[in-house]
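Accompanying notes for the structure given below.
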Amino acid sequence: MSKQKRTAALATVAALAGSAVLMAAPAARAEVVDVNYACKTPIGDKSAVSPIDIKGVKSGSGYKVTMSWQKGVSSSPVELGKGAMSPSATVKLGGADSGTLAMTGSANQEAIPANTPIKINDLTGTYAPKKTGKVTFTAGILTIKALGTTTTCTPTNSPGPSLTLDVTAAAGAGGGTGRPGSGSGSELPQTGPEDSAIALGTLGGTVLLAGAAGALWLTRRSQAARR
């Protein structure tokens, strides 16, 4: 083989290998989305816009999801000392799945001055796929608890997803149909210790009923003979 043909062959192999790597990589798309929050605070309504970043990293049969705020939201008329503010949030699931994912995080590690936008630490949650397909993750409600008060911030601009993952449902996910034997009469009963005990109890009850019926029949026959 000539040097030119050999070089072309190697280039083709490299291209095919690169394509295989791309095809094998899990499909994921993330983008920073501006979220317009309307906040109900103890001192009145406030609003703020913060870019939201959501990332998902494979962890076992699920994903560790991290939600980040790039700007502060809401504020406090008094200083919030270290550890005084506790945030939590929800992420809305869409696409192949539905519902919400709870996101939690640590309290503020530094004091937050009065009348200063509150910077939210990264919040995390664990997502276990219940369906197979593309699942979207969109910023939901943010809740801030501080000094015995609660501030609730709700997105008002119908933000788009910050993350899309192509997931595969974990084995056994998606909801069951109850324990074996609990469905229609065509199903076989479960043959475990518990069911054996129930079956024996039922059999014993049948024997007792049969014995009582037999005794009643003998009593009535004896009375009829006397007559």
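Do you know which residues across the stretch 40-74 are among the polar types (S, T, N, Q), within 18 Å of ILE112 (Cβ to Cβ) and open to solvent by 30 Å² or more (accessible area, probe 1.4 Å)?
Matches in the stretch 40-74: GLN70 only.
Search the stretch 32-53 for residues that are among the hydroxyl-bearing types (Ser, Thr, Tyr) and pair each with any residue that is modelled with pLDDT under 90 and assigned to a strand (DSSP E or B) when their beta-carbon atoms are under 9 Å apart and the residues are at least 6 apart or on different chains.
What qualifies is TYR37/LYS46; TYR37/SER47; TYR37/ALA48; TYR37/VAL73; SER47/VAL73; SER50/VAL73.
Report whether or not LYS3 is at pLDDT 50 or above, over 29 Å from the mean Cα position of the chain (by Cα) and not β-branched (Val, Ile, Thr).
In short, yes.
With the requirement that a residue be within 14 Å of THR66 (Cβ to Cβ) and either open to solvent by 60 Å² or more (accessible area, probe 1.4 Å) or in a loop (DSSP other than H, G, I, E, B) (or both), what does the stretch 90-111 give you?
Within the stretch 90-111, ALA102, THR104, GLY105, SER106 meet the criteria.
The values are calculated or read from the model by the stated rules, or taken from the named source; none is laboratory data. Remember, it's a predicted structure, so these values are computed and weren't measured experimentally. Please note: Cβ atoms are built from the backbone with ideal geometry, for glycine as well, and neighbour counts cover all protein chains shown. Ligands, DNA and RNA are stripped out before the accessible areas are found, and what is left, the full protein with its side chains, is counted by its heavy atoms. Shrake-Rupley method; radii C 1.70, N 1.55, O 1.52, S 1.80 Å.
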